[in-house]
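Accompanying notes for the structure given below.
Any read-out appearing in this document is the output of simple, stated calculations on the displayed coordinates, not a laboratory observation. None of the values given here were measured: they were computed from a predicted structure. Neighbour counts run over all protein chains shown; Cβ positions are idealised from the backbone, glycine included.
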């Protein structure tokens, strides 16, 4: 009897979680439809008032149609969120997609925690690609401070070689530097390391407060 009650409880929890996921999916699809409809109306208005906006490229003209972009979008995986954004931005730059449409294209691929982070954004922020991206990265703790801490605390595992450990540490370092948007600027790199050493000299309570504030 007790076992049956426990099984019913587990089944109810499973059904409740499935309904929650389905609601989130429906909300995301609804927001996507609304945004696409707004874009369609904007396009019609531009056609009526100014004609079709065209981008010029060597030897030809082409009309931007957001519907044609979806087949070129990279696949979103929760296990490697950062790679999705890197691939997306490369494709968008290469194909010349107008930046004002980026948030529409990105949110159509989001799932899991990323979709929930998007749904929690105010409408104004959800329409801005940079804020959308930042919100998703924070949801997965992919912030500059998180990368810094991971780089400093990463340890060699028993099953990996020293070369593999070095490669893994280099990968995390590259992600940290990329998140800081330092590029090849030596001055910014110098400032970053001096600031970190300065923080290491602070009392533990103050240092912990600063780290928690940045990660929040």
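Data overview
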read-out: Contact order normalised by residue count of the range 91-179, Cα under 8 Å, 6+ apart, percent; value: 22
read-out: Alpha carbon centroid spacing (whole Å) that separates the range 90-124 from the range 5-37; value: 21
read-out: Rough spin-label spacing in nm, given labels placed 7 Å along Cα→Cβ, for residue 189 and residue 111; value: 3.8
read-out: Highest to lowest packing among 83-90, 132-139, 200-207, scored as the average C-beta count within 10 Å; value: 132-139, 83-90, 200-207
read-out: Protection proxy ranking, peptides 66-72, 168-174, average beta carbon neighbours within 10 Å, highest first; value: 168-174, 66-72
read-out: Taking the convex hull of Cα positions in the range 144-215, its mean projected area over all directions (nm²); value: 5.6
read-out: FRET E, pair residue 30, residue 125, Förster distance 25 Å, beta-carbon r, rounded to 0.05; value: 0.90
read-out: Label-point separation, residue 198 to residue 158 (7 Å along Cα→Cβ), nm; value: 4.3
read-out: Stretchable slack from residue 141 to residue 14, in nm (0.36 nm times residue separation minus alpha-carbon distance); value: 43.1 nm
read-out: Label-to-label distance, nm, for residues given as residue 94 and residue 5 (7 Å Cα→Cβ offset); value: 6.0
